[in-house]
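The values are calculated or read from the model by the stated rules, or taken from the named source; none is laboratory data. Note that the structure is predicted; figures quoted are calculated from it, not measured. Virtual Cβ from ideal backbone geometry, glycine too; neighbours counted across all protein chains shown. The protein model used for the area step is the full one, side chains on, heavy atoms only, and it has no ligands, DNA or RNA in it. Shrake-Rupley method; radii C 1.70, N 1.55, O 1.52, S 1.80 Å.
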Amino acid sequence: MNNDNKKWYSLNLKKSPKVDSCGCGNDSGSCSGEKTKDGYDQVMNVSMGRRAAFKKITAGFLIGAGAVSSSCSVVSGDENKEKSGIEWEEYFKGNYKLMTDKEKEETVNRLTRSYELRTGEKINMTSKDAEKDVLFGYAFNISKCQGYMDCVNACVEENNQDRATEMQYIRIHEMEDGKGFNFEESDDNYYHEVPAEGHFYMGTQCFHCDNPPCVEVCPVQATWKEKDGIVVIDYDWCVGCRYCMAACPYDGRRFNWKTPEVPEQEVNKKQHYLGNRLRKKGVMEKCTFCIQRSREGQNPACVEACPTGARTFGNLLDPKSNIRWILENKKVFRLKEDLGTEPKFWYYMD
Amino acid sequence: MIQKIVVKTLIIVIGLFVISCKHSHENNYHTVTDKIEAKTVSPENLTITSKTFNENIKTVKFAEDGYEFLIPERKSQITSYNCTECHTQPIEKLKQNQVGEKAAHWNIKLAHAGVEIMNCATCHSNGNMDNLHSLTNSEIDFNYSYKLCSQCHQKEFKDWKGGAHGKQLGGWAPPRLSNTCVNCHNPHKPAFEKRWPVRFNTQKVKERQ
Ligand code: SF4
Ligand code: SF4
């Protein structure tokens, strides 16, 4: 982490040396003079990239703040203790991608319990892994979409998107006939009777690229492609830098500027860690092909809601699936194919 | 000397190839199409199923031209089926409605092709009312009404069989259960209607002002 001739601090992400460095500048010896490691040091003195830096900066504040709040609170009951215990563990947990199955289960349990402590309601969260021999793909029939936006509604409800800021992962673009796919001139926020004369409709969302540029640029590896092809985000690892948003050529990502809030009775309780769980403020969100549904064999909410059948979802590795038939028998294309991002989202016409 | 040059160029070429093919470190496929082709499995080996999501839908089987899937059963969904519960006699012998009295099925207005091309009798038979009939008068069960539609809509029929037209119900995983024609299209008025979008994003408007 330390480089003698460097005068600035940089996060050495790619090649983190396996030395116990604490950031004080001393490679040898010790900076605080302690010889044995207590529990705190065991946690703090492990070289683990970016988090380590944040920990060092914030742990102090946290401990201070925690001490103040616990000493001042009149009712520091068992629940409060449990709450802060959960908060502590959640704060220092690792990257989901590197977690063992047990650790995944533990964090899911913590999040479930924490929700229960906060709201008194139970949620059903899983960390179900990708199925073997599954690669998800999506097809969109431009001739069929009528611009009703039923998919947008379904997506908002399914994925617990913030109601106040009207966060939406799906956009439907109204395009004029005869102008090609002109996104500059298209309208993605129309409100009049549809389909409008002389227009056609085209939906976009995250295309789950097989070679996703958004994943490459993430400085903390908070976003990655799963085995079944779904590009996911660990909301607890994301630092909200929005590099990925800038790297995505398809406007697939959405940054939340405020804590997503959903009226309690509207919260979708069937959740996945990498999917529709209630996120914190200041992280990246996007379509996850409804990972909480698709990994169970179910269709994403948008596919289910579409009344025209413009949306098809399925397993690209199953030669008998509808999506495969479309790819093999219709004239399909993808957006900005020349970029080499290999989106797994195809468009076709009747 | 020449050998040396050959070896050197070979090394450079191989080196360039390794560096330039960015995808190769993760897997050996250049495009996702290659990947799909290489990793395709035979359908018998797929374990995941969507059965639980369609359990409460009564189905019948579609099996034609090498395609096999389920479609929703229809007859139990038609309110006044069996037709012969009312239609005990041929149409001509039915009581004529009096002035001011509404005829049966008064609410059905046919908007399908034109009047010169279609009327009730194009699909409904006067003989066995409980069945439909084709253009050449062979009986068609209500559960398999796609056979009627496909007489004219051949292209849609082909796309529907494959999965490019229509809608799969429940899940993406097998067994496939797809809506049949009349589940999405009202056969008497098959076109989709104009309507207002279900939502309007007021925040987007503010943001873009
Ligand atoms: S569409 Fe954008 S966000 Fe989605 S995988 Fe591709 S680059 Fe990433
Ligand atoms: S916003 Fe989050 S996911 Fe995106 S690049 Fe930054 S840390 Fe990674």
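Couple of notes before you dig in:
- Close amide H partners of A:ASN160, meaning residues 5 or more places away or on another chain with modelled amide H under 5 Å apart, are A:ASN268.
- For segment A:139-155, the Karplus equation 6.51 cos²θ - 1.76 cosθ + 1.60, evaluated at θ = phi - 60°, returns couplings of 10, 10, 8, 5, 5, 8, 4, 10, x, 5, 6, 4, 5, 4, 4, 4, 5 Hz by residue, with Gly and Pro reported as x.
- The mean number of partner chain beta-carbon atoms within 10 angstrom of a residue's beta-carbon across peptide B:189-200 is 6.
- Summed buried accessible surface, chains A and B, 1.4 Å probe, nearest 100 Å²: 5200
- Taking 26 Å as the straight-line reach from the Cα of B:LYS8, the lysines in range (excluding those fewer than 8 positions away in the same chain) are B:LYS22.
- Heavy atoms of B:SER150 accessible to a 1.4 Å probe, total area in Å² rounded to 10: 10
- Carbon and sulfur %, accessible surface of chain B computed with the full protein complex present, 1.4 Å: 58
- Our helix-only sum for chain B, with -39,500 (n - 2.57) per DSSP H run of n ≥ 4 divided by its residues, gives a mean residue ellipticity at 222 nm of -7000 deg cm²/dmol.
- In segment A:269-350, the convex hull through the Cα atoms has an average projected area of 7.5 nm², a quarter of its surface area.
- Ligands, DNA and RNA are left out, and with a 1.4 angstrom probe the accessible area of segment A:129-350 is 35 Å² per residue.
- At full extension, B:LYS95 and B:GLN3 could sit 22.9 nm farther apart than now, given 0.36 nm per residue minus the alpha carbon distance.
- Chain lengthening between B:ASN131 and B:ARG195 when straightened (0.36 nm per residue, less Cα-Cα): 19.7 nm
- Two-decimal Rg to Rh for chain B - Kirkwood Rh, Cα set: 1.23
- Too-long pairs where the Cα-Cα distance tops 28 Å, listed order kept, from A:LYS104/A:LYS258; A:LYS93/A:LYS258; A:LYS122/B:LYS58; A:LYS280/B:LYS167; A:LYS344/B:LYS206: A:LYS122/B:LYS58; A:LYS280/B:LYS167; A:LYS344/B:LYS206
- The shape of segment B:55-98 comes out prolate: with a ≥ b ≥ c from the C-alpha gyration tensor, a/c is at least 1.5 and a/b beats b/c.
- Scattering from segment B:141-209 was approximated by placing one identical point on each alpha carbon and applying the Debye formula without solvent; log10 I(q)/I(0) at 0.29 1/Å stands at -1.35.
- In this simple spin-label model, placing a label point 7 Å from the Cα along the Cα-to-Cβ direction at both A:ARG242 and A:ASP338 gives a separation of 2.9 nm.
- Sequence-distant residues sharing a close amide H with A:GLU285 (under 5 Å, placed H): A:ARG254, A:PHE255, A:ASN256
- Note on B:LYS58 and A:ASP129: with the Förster distance fixed at 45 Å, the Cβ-Cβ geometry gives a FRET efficiency of about 0.85.
- Distance in nm between pseudo-label sites at B:VAL41 and A:GLU79 (7 Å out along the Cβ direction from Cα): 4.6
- Ellipsoid fit via the Cα gyration tensor, segment A:129-350: semi-axes of 25, 21, 18 Å, each the root of five times an eigenvalue, largest first.
- Couplings 3J(HN,Hα) of segment A:90-99, computed from phi: 5, 5, 9, 6, x, 5, 3, 4, 9, 6 Hz, in residue order, whole Hz [Karplus 6.51 cos²θ - 1.76 cosθ + 1.60, θ = phi - 60°; x for Gly and Pro].
- For residues of A:156-168, the mean tally of beta carbons on other chains within 10 Å: 2
- Candidates B:LYS95, B:LYS155, B:LYS194: whichever shows maximal mean-square fluctuation once chain B is modelled as a Gaussian network with Cα springs under 10 Å: B:LYS194
- For chain B, the relative contact order is 21 percent, taking Cα pairs closer than 8 Å that sit 6 or more residues apart in sequence and dividing their mean separation by the residue count.
- In order along segment B:156-165, the Karplus-derived 3J(HN,Hα) couplings, from 6.51 cos²θ - 1.76 cosθ + 1.60 at θ = phi - 60°, round to 5, 4, 4, 5, 5, 4, x, x, 8, 10 Hz, and Gly and Pro are given as x.
- Taking a ≥ b ≥ c as the square roots of the eigenvalues of the alpha carbon gyration tensor, segment A:236-303 is oblate, as a/c is not under 1.5 and a/b does not beat b/c.
- Between segment B:180-199 and segment A:233-251, the Cα center-to-center distance that results, in Å: 38
- Cβ neighbours within 10 Å from other chains - mean over A:144-153: 4
- Spin-label model, B:GLN151 to B:ASN186: label points 7 Å out along the Cα-to-beta-carbon direction sit 2.2 nm apart.
- Burial ranking of peptide ranges B:157-164, B:114-121 (average Cβ count within 10 Å, highest at the top): B:157-164, B:114-121
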